[in-house]
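For reference, the structure is listed below as structure tokens.
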Amino acid sequence: MTIAEFIASQLHSHGVKYVFGIPGGASIPYLEAFRSAGIEFILTSNEASAGIMADVTARLTGTPGICHATFGPGATNISTGIGGALLDRSSVIVFTSEMDDAMINRTTQMNINHQKLFETLTKATFRMSANNVTEVIKAAFRLCKDPYPGPVHIGLPSDISDIEVYTPANVTVENKFRYRHNDVEKIISLIEKSRRPLMAIGLTAARLGIGNELLKYLDYWKMPVVITPMAKGLIPENHPCYTGVLFHSLSDYLEDIYNKTDLVIGIGYDPVEYNYESWMPDVPLVHFDVKETDMPSTGTIVQYSGPPEEWFDVLKNINRSSLIFEQTVIKGIRDEMLSVFNGFTNHFGPAAALNILQEELPDDVTLTADVGSHLHLAGQFWQTHGRSKMIMSNGWSGMGFGIPAALAAQINNPAATVVCLTGDGGFLMMAGEIITAKRYNLPVIIVVFSDGELNLIKTKQSWKNIPPYGTILYQGNLFGTDTFLGVKVLTADSHETLRKAIIRALSINEPVIINAIVDPEDYKWLIVKR
């Protein structure tokens, strides 16, 4: 095999169906190898989108997402998506073309050091050669999944694709957890004494898909639960233990429950989303995860590293008979938050638009949410019905995530109803991907909450008593026409017109943009000051 053929064969053997990216001249042999191996190359409009689409593919399929970019600017563009894979914990392998050995240290067009570029954005970065091909591929698949998923970078010198490579009969991938010593006695002592424990569930728990085990545990050991945004959907919002989402809209109401607790139990809680010290009271913390992570420097903190089944075995030592479970308080908090939110639905703002989307879209919709003020509302009030079908970026929190995430979700599940919820700022960052949706006939529904501004920045300026500056995106209508790059644009500026637009969008098997022109005033009252 040539190196290009070997890489393609290894991707295929690991279940890879797609490679996302934009090719350069040096990419041609790899594209041909992908095609021969039955792997589809998905051409994007921006390399950052390719990184995001690889990230979301990994989340949805469990198979590492693969993306590719060319020299220099291709690599720097794709690095934005790779940063997301790092801090949102997705197993991704990114390939970039690099100069050959003769030119790598020379001053030449498009030449930068890709290993230095990706060093802080990945778990590892390699420069491939004829002598290390098998070792690099094997290491990349292992490292991108073990123990926290994340991206691995492989640089491909421009002159190695056609070199023949020795291929061992079997190239296996090891993926082993490594556990530290756990002070189980101290953990048991803390949880046995607790009468008002609070469970905080996070990104690792969601990634490991422990929803069923969690619900079984809570059915017997009842206690209030708060979740981080990316754990949304792990537990139904109407579950008697469910209190709400940390950090997002009206989350200050949650203080009524966690200020009463005497112990916080972190279940797969990843501080990359929201540090413990940003919200929890001065009580002991027991943190369960697959590996040890950095923690606050003060307070009583005990970590347990191991697989989820061990977490719940340890937690069975809680004295159930002494627990104080105030279900009426939990329900009261939820009801009060929802009442405040619904109080903003009489006029056509983001709260009303979100409610209408919830009512008109099917319960099993896959919703991708871009970064911005609207995400704070959706993260708290979107009803997942216990389905983990809300896809967002929170560890990385990069604007522009929503559209490429939706395209990846549709590619990986063509039968799904996929809706992207984005602000106009995020839309403008990735507007070119509308052509990608059209090229591959992906019937995504892109709902743009249009308010003409970077509202989240404007809101944060107001917290500092600073007048709005540098936040106006445009004047007038964002589109001003009924098509954009050949895709239908349905305009909605009222409750009735949004309902009609959603019904119309669901009836046609093609990409659609809904331009929801909303009054942004809601955000000022619904986003929590941090």
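Each reported figure results from applying straightforward, stated rules to the coordinates on display, with no laboratory input. These numbers come from a predicted model, not from an experiment. We place every Cβ from the backbone using ideal geometry, glycine too, and count neighbours over all the protein chains shown.
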Express in whole angstrom the spacing between the alpha-carbon centres of the stretch 269-292 and the stretch 324-352. 26 Å
Could you give the nm distance between label points at THR497 and LYS316, where each point is 7 Å from its Cα heading toward the beta carbon? 5.9 nm
Amide H to amide H, which residues 5 or more places from TRP396 or on other chains are under 5 Å from it, using H placed in the peptide plane? ASP88
Computed lengthening from GLU185 to ASN113, 0.36 nm per intervening residue step minus Cα-Cα distance: 21.0 nm
Protection proxy ranking, peptides 90-99, 375-384, 434-443, 400-409, average beta carbon neighbours within 10 Å, highest first: 400-409, 90-99, 375-384, 434-443
Burial ranking of peptide ranges 137-146, 112-121 (average Cβ count within 10 Å, highest at the top): 137-146, 112-121
Loop-resident sites, the stretch 24-85, for chymotrypsin sites (Phe, Trp or Tyr not before Pro), counting at most 15 other Cβ within 10 Å (DSSP): none
Each residue of the stretch 519-530 in turn: what ³J(HN,Hα) in whole Hz from Karplus with 6.51, -1.76, 1.60 and θ = phi - 60°, glycine and Pro shown as x? 7, x, 4, 3, 4, 4, 9, 9, 8, 7, 5, 10
Separation of the stretch 53-96 and the stretch 245-267 by C-alpha centroid, Å? 33 Å
Hull volume in cubic angstrom per residue (convex hull over the Cα atoms of the chain): 161 Å³
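Of all beta bridges DSSP finds with both residues in the chain, what is the antiparallel percent, to the nearest 5?
Looking only at bridges with both residues in the chain, the antiparallel portion is about 5 percent.
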Give the long-range amide H neighbours of PHE126: residues separated by 5 or more places, or on another chain, with amide H under 5 Å away, using H modelled in the peptide plane at 1.01 Å from N. HIS153, ILE154, GLY155
Starting with the highest mean, order 223-231, 149-157, 513-521 by the number of other Cβ atoms within 10 Å, averaged over the residues of each peptide. 223-231, 149-157, 513-521
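Counting DSSP beta bridges with both partners in the stretch 401-530, what percentage is antiparallel, nearest 5?
Antiparallel: roughly 15 percent of the beta bridges in the stretch 401-530.
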Specify the inter-centroid distance of the stretch 182-196 and the stretch 366-423, based on alpha-carbon positions, in whole Å. 37 Å
Spin-label point model (7 Å from Cα, Cβ direction): what's the SER507 to ASP252 distance in nm? 4.5 nm
Sites THR328 and TRP463 - FRET efficiency at Förster radius 25 Å, r taken between beta-carbons, to 0.05: 0.15
What are the residues whose amide H is under 5 Å from the amide H of ILE391, where those residues sit 5 or more places off or on another chain and H is modelled from the backbone? LEU367, THR368, ALA369
Here, trypsin sites (Lys or Arg not before Pro) of the stretch 292-383 satisfying both criteria (DSSP loop; at most 14 other Cβ within 10 Å) are LYS316
Between THR76 and ASP282, what is the label-point separation in nm under the 7 Å Cα-to-beta-carbon projection? 4.8 nm
